[in-house]
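Trainee: Just passing along the structure, written as structure tokens.
Just so it is clear, none of the values below were taken in a lab; they were calculated from the coordinates. Keep in mind that what you see is a predicted model, and the values were worked out from it rather than measured. All Cβ positions, even for glycine, are placed from backbone atoms using ideal geometry, and neighbour counts span all protein chains on display.
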Amino acid sequence: MDNTSRKHIAALVRGARHKKGLSKEDLIKLIGYERISSTVNTVKGLKAKVKSGKKVRLKWMKQSNAKKYEIQISKTKDFNDRNLISKKTSKNDVNIKCKSKGKNYVRVRAIDKDGNVGRWSSVKKVKIKK
């Protein structure tokens, strides 16, 4: 992202916060901009396995500089879904319940102690039968 884009986004954030009284985190979600840090590693080794019912076990390699992880589960590959599930955890081995059966897509990213985020892991597809 070039410097002009960053200035434009910063102006949007300042203006929208003043008018709407939204928090910085809400605005970041609203405009879809987050600072990707080069110091936070990309999560590697993501494995997804369907357990009983709609539960999915997710496991990945622990990142040395990560304080927590963000997990997303969606019905679409691009994660632009109304029923997107987004959870945060400090563990690298979790069980998550999917909302719907059929194909679901999963990805994970690391978050360091300062709140900087890494890039999303590769996307894994899981198929819920029940």
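Trainee: Simple spin-label model, 7 Å along Cα-to-Cβ: Ser38 to Lys91 in nm?
Mentor: 3.5 nm
Trainee: Right, something else. Counting only other residues whose beta carbon sits under 13 Å from that of Lys77, what net charge do I get with K and R as +1, D and E as -1? Before the final figure, lay out the partial values.
Mentor: Details: positive: Lys75, Lys103, Arg107, Lys124, Lys125; negative: Asp78, Asp81.
Overall, the nearby charge balance is +3.
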